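Below is one structure, written out as structure tokens; the observations come after it.
Bear in mind that the values in this text are calculations on the coordinates, not laboratory data. If you're wondering where the values come from, they're calculated on a predicted model, not measured in any experiment. Here the Cβ positions follow ideal geometry from the backbone for every residue, glycine too, while neighbour counts run over all protein chains shown.
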Amino acid sequence: MSDSTAIAQGASAGAAPHGEHPSYQRHHFETVGQQFDATNFAMWIFLLTEVMFFGGLFTSYLIMRNWYYRAFVEGSHQLSILWGTANTTVLIISSFTMAMAVWSAQMRRKGALLLFLGLTFLLGIAFLGIKGIEWHEKWVKHHVPGIHQYSEQAFLNPASDPEVFKEYHDKPLSPGMAQKTEEYFFLYFAMTGMHALHMVIGVCLLVYIFIRARTGAYTNGHFTFVENFGLYWHFVDIIWIFLYPLLYLISRY
Amino acid sequence: MSAATIVTLPDQATARIPKMNFLTKENGLLSWLLTGDHKRIATLYLISITFFFFIGGALAGLIRLELLTPQNDLVAADTYNKLFSMHGLIMVFFFLVPSVPATIGNFLMPMMVGAKDLALPKINLLSWYLYVIGGLMMLWTMCVGGVDTGWTFTTPLSTHYLNTHVVSAAMSVFVAGFSSILTGLNFIVTIHKMRCPGMTWFRLPLFVWSNYAASILMVLGTPVLAITLTLVALERIFHIGVFDPAFGGDPLLFQHLFWFYSHPAVYIMILPGFGVISEVISTFSRKRVFGYTAVAFSSVAIAVFGFFVWAHHMFIMGISNYSALVFSLLTMLVAVPSAIKIYNWAFTLYKGSITFETPMLYAIGFMGLFTIGGLTGVFLGATGTDIHLTETYFVVAHFHFVMVGGMLMSFLAGIHFWWPKWTGRMYPEKISQLAALTTFIGFNLTFFPQFILGTLGMPRRYAAYPPEFQVLNVFSTAGATVLGIGYLLPILYLTWSLKYGAIAGDNPWHATGLEWQTQSPPLTENFPEIPIMDHEAYDYEWLERMERKEVASV
């Protein structure tokens with residue numbers, strides 16, 4: 001083809017920005033369906049990278065746990081199963097409300113979408129709040145390794161921590177093993193911290209989506225962003241579903 | 001050789017670069033910094049990786065200068081450690097990993113699959129910004145004193161013993177890693193979802209296949225590096241962690257996690273290069289790539305096997321004999337798909353109408369050097385010889401043959417090959433052939449003596465060495481000077497050609513790829529209308545029919 005025809009056709013293609021297709025369709029896609037497929041597929045691949053990211057952490061955890069099993073058991077006894085279970089429940093419910101939000105967007109129900117987004121947001125905040133309470137507890141007990149004078153007292157002499165001792169009747173750990181509880185808490189904070197970071201990102205995105213949804217952005221048939229965010233939210237949920245037994249329930253299964 | 005050329009340029013007296021193209025569509029700095037156009041982002045990447053290449057190259061020059069004499073005289077031993085660490089970090093993460101995919105790949109991928117752009121243009125731009133942020137962090141690290149862990153961040157050296165800027169270097173690699181993840185993700189989605197009508201998987205150019213395989217590695221491997229470096233940083237900041245034996249951690253765990261990414265990373269670096277070579281060899285032999293399907297699948301096979309060989313970096317680090325045995329066997333397996341490629345390119349050349357334009361010179365250089373690099377890899381993959389050769393200059397020579405002789409040669413082949421498409425102008429042929437030759441000679445002079453040094457037992461990563469190794473080291477340093485000139489030349493004449501090069505026309509090589517069937521430089525939308533693929537890749541008879549028809553219609 002000669003250059004002049006290329007220019008002419010290029011110019012005409014550029015001159016008609018939005019032809020017959022909806023305004024939310026980006027120019028480089030042929031159809032809305034292709035756009036949805038592509039972004040949805042991209043989200044799944046992104047989640048795959050997230051799996052690999054957490055995979056490295058889980059591998060480290062598994063090896064340390066095999067080496068220092070007793071330290072991990074007694075470390076896990078310091079966590080509150082009550083709070084942990086509560087948080088698991090909160091997250092599972094939030095996954096349900098998120099799924100409902102996606103459904104509302106698909107059904108073009110703006111009121112329901114706002115309601116479910118709001119609920120998901122509140123549950124996300126609740127999760128982070130409970131996590132904060134738990135972390136604070138660790139801080140007070142000097143179980144935060146690295147920055148706040150780590151105390152091995154509760155493991156060298158379990159009876160010194162009557163609340164936990166009453167429930168588990170742990171035997172004292174040898175000084176070497178008691179030191180390894182630091183390893184447990186390091187991984188506890190690394191894993192729950194990384195998870196909480198993902199939750200914070202999720203909650204921030206929820207605010208953004210909520211504000212845009214009020215203007216009707218996702219109830220006009222273009223719900224891709226809500227759907228993809230839903231995938232992210234469920235993924236963060238699933239990470240917790242693994243973290244909960246690995247960190248809280250070591251001696252119970 | 002003089003008459004043997006396939007280049008046909010339009011009549012220079014009348015030819016013009018098309019007024020409307022992706023370079024001229026919009027003007028101003030912001031139109032570049034906020035662009036979504038994959039070709040503009042590729043251009044941004046090209047400029048930034050060239051910048052980092054020359055910084056890494058300057059560091060390499062200093063390393064070679066220090067090694068000119070056996071004594072430790074040009075720089076202190078500490079400084080030398082920082083030099084090779086920064087050289088490695090910059091070259092691996094800021095040149096080799098993004099080199100072909102983020103520049104040539106970004107430029108070509110949508111055109112090769114027949115799309116207007118990558119699936120996610122904004123993510124593409126974000127990946128460039130992440131690259132720049134990571135690069136600036138690395139430059140900052142270098143300016144405030146650098147890091148001397150080697151590019152491998154080996155624990156507990158990096159977490160416990162050193163006083164240099166490990167955390168900022170690790171975070172810089174972390175950020176750059178996300179840039180590479182986003183590029184890989186974008187490619188995978190584009191190849192799956194954006195192909196034009198008629199573009200089946202087995203009509204895709206082999207460049208697309210090899211970038212697809214590299215993208216899989218980027219997407220699956222890089223996050224593991226990210227979490228590993230995060231743990232290293234946490235361990236360094238809080239003095240508690242999972243890698244340092246003083247805290248009850250396991251340094252081997254670090255090695256496993258690190259090489260789980262960093263071995264596939266070498267395939268991230270080389271696979272896109274394979275793609276370039278397939279295109280170039282086919283075009284300059286005027287033949288379909290021999291065994292198209294085998295070459296396509298061998299890329300995927302390399303990606304798959306690449307994930308199961310990482311522990312061959314750890315044979316002397318205390319892994320069990322049994323796992324060394326298994327990993328050694330698996331390592332030998334990777335040689336199979338690599339050999340499939342080399343053989344198939346050789347068969348493509350066989351009875352082809354070969355011409356020796358610059359890209360072809362680089363590609364032929366690649367075939368020789370990569371073969372040497374690959375075969376010496378077998379020495380290192382065999383547990384018996386590895387014990388003698390590992391941590392010597394043999395290893396250095398081996399990976400420079402693969403990375404510099406392989407990847408850099410193919411990168412330059414690709415840059416020359418697609419330069420007329422990118423800029424609309426030809427590079428000057430004679431001087432670029434000279435540059436290709438200079439690079440080849442300089443490269444061999446630099447790195448071949450290092451194989452001998454390695455077998456003689458000269459260890460890597462030391463600023464001083466026994467006097468009996470000096471002769472070979474002088475050869476190597478002399479070669480590095482020649483190599484440096486070989487790399488400076490393209491910068492000069494390619495810049496020159498931007499203004500003074502001959503106007504190239506749409507398809508100066510008579511190549512078959514879809515990217516050659518549109519104007520040069522292309523429109524922002526690549527094609528005036530979405531093409532329909534009605535023939536196999538590398539179908540020169542189809543091209544001939546097309547060109548005859550065009551002549552007839554004019």
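Work out the charge dipole of the range B:29-553 with +1 on the Cβ of Lys and Arg and -1 on the Cβ of Asp and Glu about the Cα centre, then indicate which of B:Ile342, B:Leu118, B:Phe305 is farthest towards its positive end.
With unit charges placed on the Cβ atoms, the residue in question is B:Leu118.
Taking just the C-alpha trace of the range B:158-215, give me its Rg and Dmax in Å.
Computed over the Cα atoms of the range B:158-215, radius of gyration and Dmax are 18.2, 59 Å.
Over the residues of the range A:187-253, compute the C-alpha Rg and express it relative to 2.2 N^0.38 Å.
Values: Rg = 15.7 Å, N = 67, 2.2 N^0.38 = 10.9 Å.
With N residues counted in the range A:187-253, Rg over 2.2 N^0.38 Å equals 1.44.
Within the range B:486-519, list the residues whose amide N lies under 18 Å from a label point set 7 Å along Cα→Cβ of B:Glu547.
B:503-519
Which of B:Ala294, B:Ala464, B:Val551 sits farthest toward the positive end of the charge dipole of the protein assembly as shown, with +1 on the Cβ of Lys and Arg and -1 on the Cβ of Asp and Glu?
B:Val551
Going by how many other beta carbons lie within 10 Å of each one, how would you line up B:Ile431, A:Ile211, fewest first?
On the way: B:Ile431 16, A:Ile211 11.
In increasing order of surrounding Cβ atoms, one gets A:Ile211, B:Ile431.
Where a ≥ b ≥ c are the square roots of the eigenvalues of the C-alpha gyration tensor, would you call the protein assembly as shown rounded, which needs a/c under 1.5, or, failing that, prolate if a/b is larger than b/c, or oblate? Show your work: numbers first, answer last.
Values: a/c = 2.27, a/b = 1.28, b/c = 1.77.
Cα axes put the protein assembly as shown in the oblate bin.
Can you give the angle from 0 to 90° between the axis of helix A:110-140 and the longest principal axis of chain A, with both taken from C-alpha atoms, to the nearest 10?
Roughly 30 degrees, rounded to the nearest 10.
When averaged across all projection directions, what area in nm² does the alpha-carbon convex hull of the range B:1-92 cover? List each step's numbers first, then the result.
Values: hull surface 48.3 nm².
With every direction weighted equally, the projected area is 12.1 nm².
Tell me, what is the Rg over Rh of chain B, with Rh the Kirkwood radius over Cα pairs? Please list the in-between numbers first.
Numbers: Rg = 23.2 Å, Rh = 24.1 Å.
Expressed as Rg/Rh, it is 0.97.
Kirkwood hydrodynamic radius, computed over distinct alpha-carbon pairs, for the range A:31-114: how many Å, to one decimal? Provide the component values of the computation, followed by the final result.
Working: mean 1/r = 0.0594 Å⁻¹.
Taking the inverse mean of 1/r over all distinct Cα pairs, the range A:31-114 comes out at 16.8 Å.
Taking a ≥ b ≥ c as the square roots of the eigenvalues of the Cα gyration tensor of the range B:320-408, is the shape rounded (a/c under 1.5), prolate (a/b larger than b/c) or oblate? Kindly include the intermediate steps, with their values, before the conclusion.
Numbers: a/c = 4.07, a/b = 1.92, b/c = 2.11.
Oblate, because a/c is 1.5 or more while a/b does not exceed b/c.
Can you tell me the relative contact order of chain B? Whole percent, Cα pairs under 8 Å, sequence separation 6 or more. Numbers along the way, then the final one.
Values: 933 pairs, mean separation 113.0, N = 554.
That works out to 20 percent.
Would you please classify the overall shape of the range B:79-143 from the alpha carbon gyration tensor, given that a ≥ b ≥ c denote the square roots of the eigenvalues, rounded means a/c under 1.5, and beyond that prolate means a/b larger than b/c while oblate covers the rest? If you can, show how the numbers build up before the last one.
Values: a/c = 6.05, a/b = 2.29, b/c = 2.64.
Judged from the Cα gyration tensor, the range B:79-143 comes out oblate (a/c at least 1.5, b/c at or above a/b).
What's the whole-number percent of alpha carbon pairs in the range B:180-334 lying beyond 28 angstrom?
Counting pairs separated by more than 28 Å, the tail of P(r) holds 34 percent.
Using only Cα atoms, find the angle between the long axis of helix B:206-238 and the longest principal axis of chain B, and express it within 0 to 90 degrees, rounded to the nearest 10.
The angle comes out near 30 degrees.
As a test of the definition: which semi-axes, in Å, follow for the range B:367-526 when you take the square root of five times each eigenvalue of its alpha carbon gyration tensor? Largest first, please. Kindly include the intermediate steps, with their values, before the conclusion.
Working: eigenvalues 304, 67, 21 Å².
Gyration-tensor ellipsoid for the range B:367-526: 39, 18, 10 Å.
Expressed in nm to one decimal, what extension gain is obtained for the pair B:Ala4 and B:Trp201 from 0.36 nm per residue of sequence separation less their Cα-Cα distance? Can you show the working numbers first?
Working: separation 197, 0.36 × 197 = 70.92 nm, distance 3.40 nm.
Extending this stretch completely gives an extra 67.5 nm.
Note down the nm distance, to one decimal, between modelled labels 7 Å out along Cα→Cβ at B:Thr385 and at A:Leu47.
Taking the simple label geometry, B:Thr385 and A:Leu47 are separated by 4.7 nm.
Which whole-Hz ³J(HN,Hα) couplings does the range B:491-505 yield from phi under the Karplus relation 6.51 cos²θ - 1.76 cosθ + 1.60, θ = phi - 60°, glycine and proline marked x?
Result, rounded to whole Hz: 4, 5, 6, 5, 4, 4, 5, 4, 9, 10, x, 5, 6, 8, x.
What are the principal axis extents of the Cα atoms in chain A, in Å, biggest first?
85, 45, 31
Arranged by the count of other C-beta atoms within 10 angstrom, fewest first, what order do A:Leu246, A:Leu197 take?
Values: A:Leu246 18, A:Leu197 11.
Ranking A:Leu246, A:Leu197 by Cβ neighbours within 10 Å, fewest first, gives A:Leu197, A:Leu246.
Tell me, what is the percent relative contact order of the range A:23-129, built from C-alpha pairs under 8 Å that lie six or more residues apart?
Details: 40 pairs, mean separation 19.6, N = 107.
Averaging sequence separation for qualifying contacts and normalising by length gives 18 percent for the range A:23-129.
At q = 0.15 Å⁻¹, what log₁₀ I(q)/I(0) does a Debye calculation on the Cα points of the range B:110-238 give, no solvent, two decimals?
Here the Debye-derived log intensity ratios amount to -0.75.
For the range A:37-176, divide the Cα radius of gyration by the Kirkwood radius and give the resulting Rg/Rh value with two decimals.
Values: Rg = 20.5 Å, Rh = 18.5 Å.
Answer for the range A:37-176: 1.11.
Just to verify a number: FRET efficiency for B:His535 and A:Phe165, C-beta to C-beta distance, R0 = 60 Å, to 0.05?
Working: r = 78 Å, r/R0 = 1.30.
Calculated transfer efficiency: 0.15.
In deg cm²/dmol, rounded to 500, what helix-only [θ] at 222 nm does the protein assembly as shown give when every DSSP H run of at least 4 residues adds -39500 (n - 2.57) and the total is split over its residues?
On the way: 26 runs with 536 residues, N = 807.
Here the helix-only value at 222 nm equals -23000 deg cm²/dmol.
Could you list A:His77, A:His222, B:His38 so that the one with the fewest beta carbons within 10 Å of its beta carbon is first and the one with the most is last?
Details: A:His77 21, A:His222 17, B:His38 28.
Neighbour counts put them in this order, fewest first: A:His222, A:His77, B:His38.
According to the Kirkwood expression over distinct Cα-Cα pairs, how big is the hydrodynamic radius of the range B:381-446, in Å? Walk me through the numbers before you get to the answer.
Details: mean 1/r = 0.0711 Å⁻¹.
Value: 14.1 Å, from the Cα pair sum.
What number do you get for the range B:268-383 when its Cα radius of gyration is normalised by 2.2 N^0.38 Å, N = residues?
On the way: Rg = 16.1 Å, N = 116, 2.2 N^0.38 = 13.4 Å.
Output field value: 1.20.
How far, in degrees from 0 to 90, does helix B:540-553 lean away from the longest principal axis of the Cα atoms of chain B, to the nearest 10?
40 degrees
Modelled label-to-label distance, B:Ser320 and B:Ser31, 7 Å Cα→beta-carbon offset: nm?
For the pair B:Ser320/B:Ser31, the computed spacing is 6.4 nm.
Quick one: Karplus J couplings for the range B:387-394, per residue in order, coefficients 6.51, -1.76, 1.60, θ = phi - 60°, nearest Hz, x for Gly and Pro?
Result, rounded to whole Hz: 4, 6, 8, 5, 6, 10, 5, 4.
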